[in-house]
Amino acid sequence: MTGPAPTDVHPAWLPSEVFRAIGSRHCLVRGEGRLVDTVFAEVERACAEHGGSVRRDTEGPPPALVLALVAAVGDGGPAELDAALTDLHAVDCGPLGAEGYALARHGEVTVLLADQPAGLLHGLFHLIRLGEAAFGAPHVAQPYRPAMDRRMLDHWDNVDVHPVMGQVERGYAGGSIFWHDGRPRRDRARVRAYARLLAACGINAVAVNNVNVHATEARLLTERLDDVAEIADEFRPYGIRVHLSVTFAAPVVLAGLPTADPLDDAVRAWWAETTRAVYARIPDFGGYVVKADSEGQPGPFSYGRDHADGANLLAEALAPHGGVVHWRAFVYNHRQDWRDRSTDRARAAFDHFAPLDGRFRDNVIVQVKHGPLDFQTREPVSPVITAMPATRMAVEFQVTQEYTGQQRHVCYLAPWWSEVLRFGWGDEGRTVADVAADGGGLVAVSNVGDDPFWTGHPLAQANLYAFGRLAWDPRLRPAELLDEWIELTFHPETSADPDLLRRTLHEIMDDSWRTYERYTAPLGVGFMVRPGHHYGPDVDGYEYTPWGTYHFADRDGVGVDRTRASGTGYTGQYPRPWSRVYESPVTCPDEVLLFFHHVPYEHVLHSGRTVIQHIYDTHFDGVAEVEAACLRWKSLVGLVDAAVHARVTERLDEQTRCAREWRDQINAYFHRKSGVPDAHGRPLY
């Protein structure tokens, strides 16, 4: 069922070696269901590679590992299995749920229990992460459940090659693994291997096409639905449901209706019938993803309706089948007059969506970017996340590194995501993670393509892995997740110097997001990138465009005034205490100061440095850190796969070149604007 892994692609965090602890032992699998069959096939393959055995009946040698559904416990099996079940009753942990599992060790037997097949599958990958540690000292049953019911990736893949964005919009790892030049790829083994990787880090939902739905992609909903069904067939054995991005104008584009008005009876009937056909072909279909009235995409505004009207239309069609609609809150005016300083793109999502709280159907999930702009290197947390308590909310991250180096730069993003997920609102102690866990879950833009290393930069694999694991458990620490990924991907114990390998990867990656921040746009100001492709420095690239992303640097200072007292009023969208904290440059955190305030170059930060000296220092420091990372990586010759070493070396060389360009352009720009020399006399060009 699971099939052989493709030999022309890097195994990422599932190389054969990580299955040794399981595959070298006698194993018993108990239970029925498609995902139990997947578990058995995975264990069977591991045993064939590493000398163990696996069976589904109770006859045979005593097992060292038992993986069983709770319902199958009484149907024969070793005494240790009954003991593990007794543990569960004793700790009174309640049902394990659809994807939860429990792990126990009694005597010489490790026992994995689950209520449902999906739990057994996720438990198997937990055992793989543990390795030999799963067969150590005895312990009573410990339950594990995901914090988020929905842990989803959005692929921005185009079926046709787009004339500007190519096969994958904001894709930095080659072409799509699903589509090639207008047709589905026939390399099903690659998609199946991808499904394994995603299940192993906790992902359970995938949208297979771009949120910017073009003409060919629109037809995936109807005449090309079989193409989507083929992809679903490969994801299904790993418990991953397929979702589809659809255009709001589908009734007009696909059926020739005169309108897509969400309150029109013919439109409602068309969506209901079309959705019935989708579920007849893909019974476990997840639902729709919609980008509407944003950056030129059609939406309900054309008919005098609002986003609740539009989202509820699709939700009504999906509800009888158990599907959901992810309605993106990335809505703003992208044709602004740059002269009008009262217009503020950061305000837009709150202004559009907060007044609609309570009007969305239960199967609508409003999908909100974690920051108010667009995945910049540093942004404050979006106030929309806390503004809609009566609405299911999904928080959206971007694993593909559009503004964080495009998988040509090392930029381990888990520390940033962890900061966002732990961000708290007011005295009630609720966090971003709590809001997402209440029903919407976490969503991220995938960074995978048809590159042999999946993500272009081999070290960028860690971002995909960490996103899945944080979506399962937001309490996990980024350094611990990096440890997991290193152990699975590089298996240091098989190298000549395990400690050097682990230490060097941590030294390169732990602080790499902040390193990237140091040599790019300073203090939360954002968007100092080349328009269009968004790679490399261009300080004024967006400053006089309609997109609404400005830094307002002049001879006296820099930053955007978003205060209530004198600016756009954006700080007022936050509840206390953050509305007060962000309102004053005295209390505003340094890292987002220029996002909220226009300040003089000589403004003194909490660090004790002036803004202008901070800009100079951090850009020199960032380049020095990249240069040090290059030297550290060279020390790993012979300790990692030669092809991996060569690819990372090539990417680090490009990162060094680009970081120096960032340093020189940013420092020269602000030296010319401010006229303030560097206190250390370094060249500013």
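Values computed for the structure shown
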quantity: 0 to 90° range, to nearest 10: angle between helix 225-235 axis and the chain longest Cα axis; calculated: 60 degrees
quantity: For the chain, share of DSSP beta bridges that run antiparallel, in % to the nearest 5; calculated: 30 percent
quantity: Cα point-scatterer Debye curve for the range 539-603, base-10 log of I(q)/I(0) at q = 0.13 Å⁻¹; calculated: -0.36
quantity: Given charges at beta-carbon only (K, R positive; D, E negative), |dipole| of the chain in Debye; calculated: 580 debye
quantity: Unit charges at the beta carbon, dipole of the range 389-506: most positive-side option, Val443, Ser418, Tyr403; calculated: Tyr403
quantity: Solvent-accessible area per residue for the chain (1.4 angstrom probe, square angstrom); calculated: 36 Å²
quantity: Per-residue HN-Hα couplings for the range 320-326 [Karplus 6.51, -1.76, 1.60; θ = phi - 60°; Hz; x = Gly/Pro]; calculated: x, 10, x, x, 10, 10, 8
quantity: The range 40-134: GluC sites (Glu not before Pro) falling in loop per DSSP and having at most 16 other Cβ within 10 Å; calculated: Glu59, Glu108
quantity: Helix axis angle, 79-91 relative to the chain longest principal axis, alpha carbon, degrees; calculated: 40 degrees
quantity: Dipole of the chain, positive direction: furthest Cα of Val644, Cys27, Gly526, with charges on the beta-carbon; calculated: Gly526
quantity: Whole-Å semi-axes of the range 164-228's equivalent ellipsoid (Cα gyration tensor); calculated: 20, 15, 12
quantity: Accessible area in the full protein assembly, largest first, 1.4 Å probe, for Phe350, Phe125; calculated: Phe350, Phe125
quantity: With every protein chain in place, the chain: carbon and sulfur % of accessible area (1.4 Å); calculated: 51 percent
quantity: Summed side-chain charge close to Pro300 - residues other than Pro300 whose Cβ falls under 10 Å, Lys, Arg +1, Asp, Glu -1; calculated: -3
quantity: By accessible area with a 1.4 Å probe, ligands and nucleic acids excluded, highest first: order of His89, His457; calculated: His89, His457
quantity: Which of Thr568, Trp472, Phe552, positive extreme of dipole for the range 445-580 (C-beta unit charges); calculated: Thr568
quantity: Accessible surface, 1.4 Å probe, highest first, among residues Arg663, Arg682; calculated: Arg682, Arg663
quantity: Alpha-carbon Rg with Dmax, taken over the chain, Å; calculated: 25.9, 83
quantity: Whole-number D in µm²/s for the range 474-524 (Stokes-Einstein; Kirkwood sum over Cα pairs; 4 °C, 1.567 mPa s); calculated: 104 µm²/s
quantity: Cα long-axis angle, helix 611-634 against the chain (0 to 90 degrees, to the nearest 10); calculated: 40 degrees
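The values are calculated or read from the model by the stated rules, or taken from the named source; none is laboratory data. None of these values were measured; they are calculated from a predicted model. All Cβ positions, even for glycine, are placed from backbone atoms using ideal geometry, and neighbour counts span all protein chains on display. Ligands, DNA and RNA are stripped out before the accessible areas are found, and what is left, the full protein with its side chains, is counted by its heavy atoms. Shrake-Rupley method; radii C 1.70, N 1.55, O 1.52, S 1.80 Å.
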